[in-house]
Amino acid sequence: MTYYLTKGYLASLGGLDSSGAGSSGFALWGVLAFFFGAPLGILGNLAQVPGTGGLFFRLLVPLVAFYETSMRLETESRGPSQVVLGTWTTVRFTAVAVAVALVGHTVWGWWRSRRIRSAGVGVG
């Protein structure tokens, strides 16, 4: 919403193209924030669940980024510039790297806690 307010303000000063600076963008994002704020907040809260319970929710952002950029590459493949292709490839690579890191971190934590519990059982 701040983007549209800033864009509208700069357009009123004559320093920016005013297309899309009207209240329609502001209203659209306000309505979307109202309806999706709570559900996305719940997903974010569920992502904080430690271990495998929250892994799916932690993987949502990299999976959506990978999917969305893949769809963009398919749509824009009719001659994208090297900058666009490099940007989308970088985003996809980063999304996969983050997903692998999240899974690795979760598996490592699970394995470590299991090892500590099994070591503690034999002591008593």
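From G86, G51, G37, which residue is surrounded by fewer than 16 Cβ atoms within 10 Å (Cβ to Cβ) and at pLDDT 90 or above?
G37
Do you know which of the residues in region 54-77 that are of a type in the set (F, W, Y) and more than 25 Å from S113 (Cβ to Cβ) is least open to solvent (accessible area, probe 1.4 Å)?
F66
When the residues of region 14-34 are narrowed to those that are under 13 Å from T2 (Cα atoms) and in a helix (DSSP H, G or I), which ends up modelled with the lowest pLDDT?
Checked region 14-34; the qualifying residue modelled with the lowest pLDDT is S23.
The values are calculated or read from the model by the stated rules, or taken from the named source; none is laboratory data. Fair warning: this is a prediction, and the values are worked out from it, not measured in the lab. Note that each Cβ is placed from the backbone with ideal geometry, even for glycine, and that neighbours are counted across all protein chains shown. Protein only, heavy atoms only, side chains kept; ligands, DNA and RNA dropped before computing areas. Shrake-Rupley method; radii C 1.70, N 1.55, O 1.52, S 1.80 Å.
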